[in-house]
Amino acid sequence: MSDATRSGHGGGPGGTASGAAAHFTTRALGEPAGPGRYVRVDEIEAAELVAGLGFRPVLGDRVMANFVDFAPGVAAPRHVHEEEQLVIVLDGEFTFDLDGDVRVMRRGDVAVVPSWVPHGAWTTDSRCREVDIFCPPRSTLLELAARQRERG
């Protein structure tokens, strides 16, 4: 590996030298918001708002990741919210309804849910583990995420 590539200044597949330099800059344009931290998701106690639907939220300052486990035969009812949401399937499969566009989603599939767009999901025979990314953080999960963050 060349020094230019190692330092993020080399060109190559998927980008240009200037794009890499801008993306991997070390020049801060503001003050750090706080210290970073590591989280082991499997050590977070799951909260079930619906039986068989375990939520493990991880809160940042301006974003939230919510790791969700669906047991077989469980539904997240159709709903809407202000926060933008990305749904990323990590393992298993479920059926996702995005404003009437219904599809089976499997590992590696992503759904983009804009603000106030109706959506819901359900499993049939299988389990599903997925992560929801919310920006800004999902208001109804803030208290749960704050408790998790305090536990460390």
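Using Cα atoms only, what is the angle between the long axis of helix 142-151 and the major principal axis of the chain, expressed in degrees (0 to 90) to the nearest 10? Computed tilt is about 60 degrees. When exposed loop sites are taken as trypsin sites (Lys or Arg not before Pro) in a DSSP loop with at most 13 other Cβ atoms within 10 Å, the longest stretch of the chain clear of them is 108-152. R0 = 25 Å: FRET efficiency of residue 38 with residue 116, Cβ-based, nearest 0.05? Calculated value: 0.15. Of the listed values (1) 59; (2) 42; (3) 55, identify the label whose number matches percent of Cα pairs over 21 Å apart calculated from this model. Derived directly from the coordinates: (3). Considering every pair of different Cα atoms, what Kirkwood radius, in Å, is found for segment 91-152? The answer is 13.4 Å.
For the pair segment 89-109 and segment 36-62, the centres of their Cα atoms are 20 angstrom apart. The modelled label-to-label distance between residue 104 and residue 82, using points 7 Å beyond Cα along the C-beta direction, is 3.8 nm. Measuring nothing but how far apart in sequence close Cα pairs (under 8 Å, 6+ apart) lie, relative to its length, the chain scores a relative contact order of 24 percent. Over all other residues within a Cβ to Cβ distance under 14 Å of residue 129, the charged ones net out to -3, with Lys and Arg as +1 and Asp and Glu as -1.
Counting only Cβ charges, +1 for Lys and Arg and -1 for Asp and Glu, the dipole size of segment 52-152 around its Cα centre is about 340 debye.
Each value in this text was obtained by applying a stated rule to the coordinates, not by laboratory testing. Since the model is a prediction, treat every value here as computed from it, not as a measurement. Methodologically, a virtual Cβ is constructed for each residue, glycine included, from the backbone with ideal geometry; neighbour enumeration extends over all protein chains shown.
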